[in-house]
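The values are calculated or read from the model by the stated rules, or taken from the named source; none is laboratory data. Given the structure is predicted, the values throughout are model-derived calculations rather than measurements. Here the Cβ is made from the backbone with ideal geometry for all residues, glycine too, and neighbour counts use every protein chain on show.
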Amino acid sequence: MRLSQYFLPVLKEEPKEAQIVSHRFMLRAGMIHQEAAGIYSWLPLGLRVLQNIENIVDDELQKAGCVPVLMPTLQPTDLWKESGRYDALGKEMLRFNDRAERELLYSPTCEEMIVNLFSAYVKSYKQLPLNLYQIQWKFRDEVRPRFGVMRGREFLMKDAYSFHVDVDDAKREYAKMYDAYTAIFKRMGLTTIAVAADSGAIGGNLSHEFQVIADTGESAVYYDAAFDEIRAGKLTLSGDEMRALYAAADEQHKPDAIPADRLRTARGIEVGHVFYLGQKYTQAMGVAVSGGDGAQVTPHMGCYGIGVSRLAGAIIEASHDENGIIWPESVAPFDAGIINLRMGDAACDTVCEQIYSHLKTAGLSPLYDDTDKRGGEKFATMDLIGLPWQITVGPRSAADGKVELKYRRTGEKSEISVEDAVAHITGQRTKRLAA
Ligand code: 5CA
């Protein structure tokens, strides 16, 4: 992408409304634009990040055997009267009437709709287990939307729903999804702690929230010291080993359940939440399938949410410096930025075009700053938008076929040839994505 033809509305001033760093950088880097309280447009740069996050979620869930569907954002409220949840969400649920005076709601979550869909087609235990998921917009009329996309009113969620013949199979799936979540967040550069949580209005008696440790997090979390070693990369544990460790959300914390010298506490951002729902919805909505012995069985369910749009903010909270965002390779909106320090200089233009086309041929997506802005401004923008690599081309080095390569995360710089720069970026990227 050539910056002169792109839409990257970078802000020079500090946005006054932003209280946390991710919100500030998302506004300044031209990733999002607020349309109403807690409701945002995703601008081109933000959209690329959101799509990269979605792709990782899709990839890992399909590896775990989940099947994608897409349900509408609007639902008839009748379903919620059947499940008994019509009043449970109170004013958080946005309701309105269509022209025929039928009451609709904007989905805050989709247990009712998926159970209805399931019951239309699944009649036998032989069709189970089944795990259906979607990545779709939700609306919750939060009392206090804040921190940008972190607590929005309209937000993008991955919601998965699984159906099982019995509790054992539902718990097997729960553990599988727990492990898939750990892998999903790790691919985005995040080490999460899954804490036992309260399942609230979603229901069931077993749930875990996946928390990213950050001072700006809205939740208090309590956990075994081993999680700090995992976060520091000094310890690797299996899902079963992690589930055996103490980790609790505020409302579930029992100080006596863990020796004081093992207990750690921190603030966390909830990026995902998995639930074992039991028969709460299938029973209330009268759904059954034929079992092995011919008798009818009421399926057990699980549901599994990921805050896809919240993740964009959470990744920034976990990875930035005073100059801007530092994207992990896996979600970066572009792989590398090319800075032409003197547009119109024959050597500079030629070298920039060479790098641009070499990177594209290598399957990478470069962003080429071919505008006539001053060097200082170009450097500041590149640091702000946080692409993993920066390649700077100035008249003196360009004449010798050399460029300056900078790694955003460490600030490390080297002067090398065009070929070496391209080879280095492609090689390092492959290595990091595989790790
Ligand atoms: N039905 C279940 C999951 S299928 C459910 O709704 N779970 S949830 O309420 O915990 O939401 C799932 C995830 O959505 C949360 O873990 C969080 O990451 C994200 N989320 C929830 N509310 C918001 C919000 N207001 N803004 C941004 N993300 C949110």
Quiz item: Within the stretch 303-339, how many residues are of a type in the set (Gly, Ala, Ser) and near the ligand (Cβ under 9 Å from one of its atoms)?
Solution: 5
Self-check item: Unique match (being more than 23 Å from the chain's Cα centre (by Cα) and either closer than 30 Å to VAL289 by Cβ or β-branched (Val, Ile, Thr) (or both)) among VAL122, VAL149
Solution: VAL122
Practice problem: Having 3 or more residues that are among the hydrophobic types (A, V, I, L, M, F, W, C), within 14 Å of the ligand (Cβ to nearest atom) and surrounded by fewer than 24 Cβ atoms within 10 Å (Cβ to Cβ) is the bar; report the strands (runs of 3 or more DSSP E) wholly within the stretch 132-229 that clear it. | Solution: 154-164
Practice problem: Go through the residues of the stretch 246-263 one by one and say whether even a single one is of a type in the set (Asp, Glu), surrounded by 17 or more Cβ atoms within 10 Å (Cβ to Cβ) and modelled with pLDDT of 95 or more. | Solution: no
Self-check item: Scan of the stretch 265-304 for residues that are in contact with a helix residue (DSSP H, G or I) (Cβ under 7 Å, 6 or more places away or on another chain), among the hydrophobic types (A, V, I, L, M, F, W, C) and part of a strand (DSSP E or B), ordered by number
Solution: ILE269, VAL271, VAL274, VAL289, VAL297, MET301, CYS303
Quiz item: Of the numbered conditions (1) closer than 12 Å to GLN75 by Cα; (2) within 12 Å of the ligand (Cβ to nearest atom), TYR106 satisfies every one except a single condition; which is it?
Solution: (2)
Quiz item: crowded, with 20+ Cβ neighbours inside 10 Å and closer than 14 Å to VAL308 by Cα: does that describe VAL115?
Solution: no
Self-check item: Members of the stretch 374-401 found to be without any contact (Cβ under 8 Å) to a residue 60 or more places away in the chain and surrounded by 17 or more Cβ atoms within 10 Å (Cβ to Cβ), listed by number
Solution: LYS378, PHE379, MET382, TRP389, GLN390, ILE391, THR392, VAL393, GLY394, SER397, ALA398
Quiz item: Does the stretch 178-201 hold any residues that are over 29 Å from HIS320 (Cα atoms) and out of contact with any helix residue (DSSP H, G or I) (no Cβ under 7 Å at 6 or more places or on another chain), and which are they?
Solution: SER199, GLY200, ALA201
Quiz item: Identify, please: which residue in the stretch 249-286 is of a type in the set (Gly, Ala, Ser) and within 16 Å of the ligand (Cβ to nearest atom) and is, among those, farthest from LEU190 (Cα to Cα)?
Solution: ALA284
Quiz prompt | Which numbered condition LEU237 fails, given (1) assigned to a loop (DSSP other than H, G, I, E, B); (2) more than 17 Å from the chain's Cα centre (by Cα); (3) in contact (Cβ under 8 Å) with a residue 24 or more places away in the chain | solution = (3)
Exercise. Return yes or no: is TYR304 buried (at least 16 other Cβ atoms within 10 Å of the Cβ) and over 24 Å from the mean Cα position of the chain (by Cα)?
Key: no
Quiz prompt | Flag if PRO328 is over 20 Å from ARG432 (Cα atoms) and either in contact with a Phe, Trp or Tyr (Cβ under 6 Å, 6 or more places away or on another chain) or touching a residue at least 40 places away in the same chain (Cβ under 8 Å) (or both) | solution = no
Exercise. Tally the residues that are surrounded by fewer than 23 Cβ atoms within 10 Å (Cβ to Cβ) and under 29 Å from the mean Cα position of the chain (by Cα), restricting the search to the stretch 362-373.
Key: 4
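Based on this model, can you work out whether TYR40 counts as assigned by TED's automatic domain parsing to the domain that holds ARG144, touching a residue at least 24 places away in the same chain (Cβ under 8 Å) and not in a helix (DSSP H, G or I)?
Judged against the criteria, TYR40 is a match.
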Quiz item: How many residues are outside any loop (DSSP other than H, G, I, E, B) and under 18 Å from GLN5 (Cα atoms) if we restrict to the stretch 362-378?
Solution: 6
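I'd like to check something: does the stretch 107-130 contain any residue that is free of Cβ contacts under 8 Å to residues at least 24 places away in the same chain and in a loop (DSSP other than H, G, I, E, B)?
The initial filter retains those residues of the stretch 107-130 that are free of Cβ contacts under 8 Å to residues at least 24 places away in the same chain, namely 120-121, 126.
Then keep just the ones that are in a loop (DSSP other than H, G, I, E, B); that gives none.
Within the stretch 107-130, none of the residues are free of Cβ contacts under 8 Å to residues at least 24 places away in the same chain and in a loop (DSSP other than H, G, I, E, B).
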